[in-house]
Amino acid sequence: MPTALHDNLPRPQLGLRRQHRRPSRCTVAPQALYHNKGPGLGSERAEGAQRALSRVLDLSQKGDKEAMCDFLASDNLTGAPTLKMPSQEEVVVFEDVMESMLLRVPNRHFLDSFAIRHLILASPASTQVLSGLMLGPAKYVQRMAVSSASGEQSILTFTMTATTPPADAAQTSSPERGTAAATVASASVPADQASAPDGGLAPLPEPEPVWRLQGVRGEPRFSVAALQPAGPSPELSPEQIVEAQLAALQRKDVPSAFRLLSPGSQRIIGDERQFAENLARHRRYGGLLGHIAATSVRRCMARPSTYMEIVSVTSASG
């Protein structure tokens with residue numbers, strides 16, 4: 001019983017402009033349990049990526065979402081409108097970047113529902129770096145355990161990519177040997193940048209790479225099978241609640257599925273008996289009982305207290 005996305009569905013809004021979140025006082029001081037700089041790579045690039053990532057986490061703690069735009073990879077800004085300032089400088093607004101992201105297909109969302117919940121709509125109450133790995137000279141991946149103020153425990157995987165700024169042509173070009181310009185240039189070069197054997201200026205060191213946030217993906221720290229939730233709890237992610245309820249419906253455990261409903265839904269439905277009757281009476285719900293498979297199609301953390309998920313379900317009848 002597939003559930004399809006329609007263009008006329010109301011677009012989820014993050015509601016960030018109306019949200020006033022107090023900055024967290026927690027200090028992010030991660031200590032890595034495991035770190036691999038990558039084969040044949042120096043530590044400078046890994047340290048540069050870590051510094052940029054620490055800055056992103058610091059901005060999350062402060063709730064400064066607009067400043068986070070400066071640390072996003074250029075691909076993540078594609079499609080977002082720009083705002084021209086009085087200085088003629090063009091800037092992007094974080095809310096526009098997020099709305100532009102939500103219009104893309106899910107696999108192009110650079111922040112998933114876990115990342116939005118832990119980094120944008122709130123900030124982590126505690127963090128711990130689990131691992132870091134250089135996957136090449138311009139790609140760094142770091143896994144971090146985070147806990148929210150409510151007690152939810154998740155693991156976020158950060159992907160950082162680097163670009164090397166172009167060298168200044170005026171600095172890299174050498175004046176013609178024997179000219180007055182060459183003499184002046186040679187006199188102005190520090191001793192540690194002595195002339196090359198051919199009389200030209202010694203090559204300048206390679207510019208430091210600029211690290212940007214390419215994407216963040218999250219997952220529960222503990223599986224639903226390990227936790228076996230009996231009902232909604234602040235320690236559980238909304239993704240886990242949906243997963244647990246689908247599992248209960250698949251095994252036709254109506255009482256467990258009813259307990260996993262929100263208190264508001266339980267009051268509207270009435271009791272377990274009425275819930276079972278609704279599942280049997282309505283065709284749109286009947287396919288959930290004993291279904292063969294359920295696949296998440298789209299997840300959205302619309303507001304701090306609103307999570308939406310579209311799931312494609314294959315019923316037992318096909």
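Each reported figure results from applying straightforward, stated rules to the coordinates on display, with no laboratory input. These numbers come from a predicted model, not from an experiment. Here the Cβ positions follow ideal geometry from the backbone for every residue, glycine too, while neighbour counts run over all protein chains shown.
I'd like to know if the stretch 95-115 contains one or more residues that are surrounded by 17 or more Cβ atoms within 10 Å (Cβ to Cβ), touching an Asp or Glu at 6+ places or on another chain (Cβ under 8 Å) and among the hydroxyl-bearing types (S, T, Y).
For the stretch 95-115, residues surrounded by 17 or more Cβ atoms within 10 Å (Cβ to Cβ), touching an Asp or Glu at 6+ places or on another chain (Cβ under 8 Å) and among the hydroxyl-bearing types (S, T, Y): present.
Return the residues of the stretch 217-248 that are within 20 Å of the chain's Cα centre (by Cα) and more than 17 Å from G151 (Cα to Cα); say none if nothing qualifies.
R217
Output the qualifying pairs, or none if there are none: Cβ atoms under 7 angstrom, residues six or more apart or on different chains, first residue in the stretch 59-86 and on the phi > 0 side of the Ramachandran plot and free of Cβ contacts under 8 Å to residues at least 40 places away in the same chain, second residue among the aromatic types (F, W, Y) and not in a strand (DSSP E or B).
No pair meets every condition.
Against the condition within 30 Å of S100 (Cα to Cα) and out of contact with any His (no Cβ under 6 Å at 6 or more places or on another chain), how does R303 come out, does it pass?
When the stated conditions are applied, R303 passes them.
Looking at the stretch 55-81, which of the residues that are among the polar types (S, T, N, Q) and surrounded by 14 or more Cβ atoms within 10 Å (Cβ to Cβ) is farthest from K139 (Cα to Cα)?
Step by step, filter the stretch 55-81, then rank; the result is Q61.
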